[in-house]
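Single-structure report; data block below.
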Amino acid sequence: MRAGSATRSRPGDAEVRDSLAAHGDDGYHVGHYDLELDYKVGPNRLAARAKISATAARPLTEIRLDLAGFKVGGLTVDGQRARFARRGTKLVVTPPRPLGEGDAFTVEVRYTGNPRPIGGHWGDIGWDELTDGALVASQPIGAPSWFPCNDRPGDKAAYRVTVTTSSAYTVLVTGEEVSRRSRASTTTWVFERREPTATYLMSVQIGRYVERDLPSGVRQRLAVPAGLAAAAGHDFGRQPEMMALFERRFGPYPFGEYVAVVTGDELDDPIEAQGMAIFGANHVDGRRGAERLLAHELAHQWFGNSLTVADWRHIWLNEGFATYAEWLWSEESGGPAAAELAGEAARRIDGLPGEVRIGDPGAAHLFDVRVYQRGALTLQALRERVGDETFFALLRSWAHEHRHGIVTTPEFVAHAERYAGAALGGFFAHWLENAA
């Protein structure tokens, strides 16, 4: 689920579409990012180094990286100084020699500045200051607000992230913590994310948090300001049961642990990250008032994070599936059944102004409620068509066969047809191609 502060502006559809298309480059594939971040909370000052190991997918005379803001103090390609230019949010690098298809190369960038979120149609996206700390909320195009990258969801890579900041703060990064060392008044934290990860799913959280483990077969941690700890402990108390349900329905949890972070500030929406989800103080009320959002974000670990869309046209495979997981949790926890919630959703979106094709909603409608709700309605209709046994078998195999991979809508249609033993083109065309 997308998160961010209130939208500042509403550009036209063409501008929104162009801003999305401008990110990323299919001319190369990144295999690994090595990021070293030295962050001062008070002045919001970042001094950083990024080492990007990649392979050319075609002959290249330029390497185009996404980076918003910052002063670039030095840049090398394969250890040799290289020329570069800034063109909007693009860092255009000229390697010392042209690269051929299949050539491996490494770009190292040193940069400094005050990280700022990228503003636009979807709100403020990326690195943002909290009242006391910082967070990263990058979906869909916020990753360049804190590191140079190939910012497209289909280019997943492994990461090593080193963060040095004041020892008064806890640092949480999407990945396994491999070391921590304190020196004078600062602490350096090192995290590794070995599973292939999209740039928008990498996250850094810095705050004054206390941590607790949630009892579960899969390691689950909760990081929260001390003043919210009691209420959050109750609100997240049934998350282990959600994990157990989703493992039954979707297959084994795809990562080593799951970390839920609650900031001291309010957030418009929870933030999705790989192996992590971030909630605002407003999502904690001590009465489990936001429990459906906990289910939604947890489900994204299978659908969105392990299985990542090749490009944003297929976003219903993330948001429709996570919304349907909310309905499954409702069934499990004694609430309304999925069929009842489907009826409510259909009535809710019926007659909404404008039209959206959820199979390709366009950049301006990526996070339209119809993508979420009609996406879930598609899955409920499929469940009713093929029956529970086949439906849940195909969901588990979908998550298993594409674990840590890239997915598209045509692939899911073909997968469903294989399990149904029948052509479903017309069925999916009705739900995904007809405007709602």
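Values in this text are rule-based calculations from the coordinates and carry no lab data. Nothing here was measured: the structure is a model prediction, and the numbers come from that model. Positions of Cβ are generated from backbone atoms using ideal geometry, with glycine treated the same way; all protein chains shown enter the neighbour counts.
Here are some notes:
- Positive minus negative residues near Gly280 (Lys, Arg vs Asp, Glu; Cβ under 11 Å): -4
- Over the range 210-308: Kirkwood hydrodynamic radius from C-alpha pairwise inverse distances, Å: 13.3
- About its Cα centre, the range 86-219 has a charge dipole of approximately 320 debye under the convention of +1 per Lys or Arg Cβ and -1 per Asp or Glu Cβ, with nothing else charged.
- Selection from Ser138, Val41, Leu20, by position along the positive dipole direction of the range 13-201 (Cβ): Val41
- Ranked Ser306, Ser138, criterion: other C-beta atoms within 10 Å, fewest first: Ser306, Ser138
- Over the range 83-223, relative contact order from alpha-carbon pairs under 8 Å, at least 6 apart, %: 20
- Residue exposure sequence - Thr174, Thr94 - by fewest surrounding Cβ within 10 Å: Thr94, Thr174
- Here the calculated FRET efficiency for Glu433 and Ala22, from their Cβ-Cβ distance with R0 = 30 Å, stands at 0.65, rounded to the nearest 0.05.
- Proximity of backbone amide H atoms, modeled 1.01 Å from N, is registered between Phe70 and Asn114 at under 5 Å, excluding neighbours fewer than 5 places apart on the same chain.
- Comparing mean-square fluctuations of Gln380, Gln301, Gln274 from a GNM of the chain with C-alpha springs under 10 Å, the top value falls on Gln380.
- FRET efficiency for the Glu62 to His32 pair, using the beta carbon distance and R₀ = 22 Å, is estimated at 0.55.
- For the pair the range 145-224 and the range 254-282, the centres of their Cα atoms are 12 angstrom apart.
- Net charge in the neighbourhood of Ala290 (other residues with Cβ under 14 Å of its Cβ; Lys, Arg +1, Asp, Glu -1) is -4.
- Each of Val356, Asn318, Ala281 was scored by the projection of its Cα onto the charge dipole of the chain, and the greatest displacement toward the positive side belongs to Ala281; charges sit on the C-beta of Lys, Arg, Asp and Glu.
- Using θ = phi - 60° and Karplus 6.51 cos²θ - 1.76 cosθ + 1.60, couplings along the range 78-90 (whole Hz; Gly, Pro as x): 6, x, 9, 4, 10, 6, 8, 9, 9, 10, x, 9, 9
- Using a cutoff of 8 angstrom between alpha carbon atoms and counting only pairs six or more residues apart, the relative contact order for the range 210-308 works out to 29 percent.
- Considering only Gly113, Val261, Thr174, and ranking their Cα positions along the charge dipole of the chain that arises from unit charges at the beta-carbon of Lys, Arg, Asp and Glu, the one farthest toward the positive end is Gly113.
- The relative contact order of the chain, computed from alpha carbon pairs under 8 Å that lie at least 6 residues apart in sequence, is 13 percent.
- Cβ-Cβ FRET estimate between Thr112 and Ala381, R0 fixed at 56 Å, reported to 0.05: 0.60
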